[in-house]
1. For a footprinting-style exposure proxy, rank 38, 5 by other Cβ within 10 Å, fewest first.
2. Once you put a point 7 Å from the Cα of residue 61 and another 7 Å from the Cα of residue 165, both along the Cβ direction, what distance in nm separates them?
3. By count of other Cβ within 10 Å, fewest leading, how are 132, 149 ordered?
4. What do the square roots of 5 times the Cα gyration tensor eigenvalues come to for the chain, in whole Å, largest first, as semi-axes of the equivalent ellipsoid?
5. Ranked by Cβ crowding within 10 angstrom, fewest neighbours first, how are 124, 176, 86 ordered?
6. Rg/Rh for segment 34-121 to two decimals, with Rh computed the Kirkwood way over all alpha-carbon pairs.
């Protein structure tokens, strides 16, 4: 089985107990911690800034995966890098000079990622496949937690994998949005190896560790 990673998204955590919930995710077997940054412009909601990334950095040595759902992300890359991000993911849709933005992230000593909204075609990545370390395929429209998985994402994952293989890219495929035990295995079989999950982990009836375990059991089925 090709190795995979589980990246709990703290957007679904109980903010009044954020430190404890991050620790539970770490102890429960998380591989990365995913932090969704929203600006109220590119997406309707507002979430975290660099200070939250800095706080989470103080709680764990796990890689911090910071997803910038913001306009003009190039203005804030250094702040998030300085706060402790290991991976910075920017939206293709927000970056008119996406090649330069990805280069800037790498120059900051951070791993660059690129994200595609559900309506953005995979073919737009063709000229960039050697400039990012992972591509995040959104399986919901960004901006809200708790949404349902868009089934056509599976074909998009297959097409992403085919494009990366055709261009000789070793980039990882990540998927985010409505990921739970009912669909995670299909996403893996379609090419994803990094799974962002919020509600199915932090809102699991039996706790955070049980949520992570349920995803791993579904992948092993």
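FYI, it's all coordinate maths here, none of it is from the lab. No experiment lies behind these values; they were computed from the predicted model shown. Neighbour counts are summed over all protein chains in view; Cβ atoms, including those assigned to glycine, are modelled from backbone coordinates with ideal geometry.
1. Details: 38 20, 5 17.
The fewest-first ordering by Cβ neighbours comes to 5, 38.
2. Those two pseudo-labels are separated by 3.6 nm.
3. Values: 132 25, 149 19.
Listed from fewest to most nearby Cβ atoms, that is 149, 132.
4. Working: eigenvalues 114, 94, 47 Å².
Working from the Cα gyration tensor, I get semi-axes of 24, 22, 15 Å.
5. Working: 124 13, 176 26, 86 17.
Least to most surrounded, the residues fall as 124, 86, 176.
6. On the way: Rg = 12.2 Å, Rh = 12.9 Å.
Result: Rg/Rh = 0.95.
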